[in-house]
Amino acid sequence: MLTTILHKFRKIITPKFISRIASTLKFNQSCTGKVTGLNFIKMLVAQVSSGRSFNYSNLNTTLSAISNNDINISNQALAEYFYKSKSVQLIKSVFEEIFTFQKDQYLKKFGHLKIEQNTINLFNRILVEDSTTCTLEESLESIYKGSGGSKCKSSLKIKYYRRNKP
């Protein structure tokens, strides 16, 4: 199923689309200047599809692999990309493109049902919740028990969500 999803993702989010958005945002001029917008998105997609933990070390390994070892930066330099508004805007643009595509597909498939526009417009925003898991030393298992699905016995999850003010 993941392969099917990634195949569809690549049809919607093309390198040309990512490069155009990154150019508009002047993404390639940020941070170290080594990571392009295209490589940044490729890294994220490759990391998700790998099934490995989502941490800077693994992300950096993935980034190096997709760039044929042309990009070698520290984990700290990579972390800086995630704190830049240009990165947030780039990822947001990717999500907006996917959601627009899904809405169009929905209307093509179910448009004949004469769904009222008011029904479609019920969803005027999407709240994104994000979380990250921190692996801890096993000696902390009695205080911070792991989530069960991970290989580590001790971990904690930090959640972040943002609601737009009405």
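The values are calculated or read from the model by the stated rules, or taken from the named source; none is laboratory data. Since we're looking at a predicted model, the values are computed, not measured. Positions of Cβ are backbone-derived with ideal geometry, glycine not excepted, and every protein chain shown enters the neighbour counts. Only protein heavy atoms, including side chains, enter the accessible area calculation; ligands, DNA and RNA are left aside. Shrake-Rupley method; radii C 1.70, N 1.55, O 1.52, S 1.80 Å.
Return the only residue of I73, I98 being surrounded by 14 or more Cβ atoms within 10 Å (Cβ to Cβ) and assigned to a helix (DSSP H, G or I).
Values: I73 fails: assigned to a helix (DSSP H, G or I).
When all the criteria are applied, what remains is I98.
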Checklist entry - Here are S93, S49, S53: which of them is in contact (Cβ under 8 Å) with a residue 24 or more places away in the chain, among the hydroxyl-bearing types (S, T, Y) and assigned to a loop (DSSP other than H, G, I, E, B)? => result S53
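Output the residue which, of all residues in region 76-90 that are open to solvent by 70 Å² or more (accessible area, probe 1.4 Å) and in contact (Cβ under 8 Å) with a residue 24 or more places away in the chain, is nearest to the chain's Cα centre (by Cα).
That would be Q89.
Answer yes or no as to whether I41 is among the aliphatic types (A, V, I, L, M), more than 30 Å from L156 (Cβ to Cβ) and within 13 Å of the chain's Cα centre (by Cα).
In short, no.
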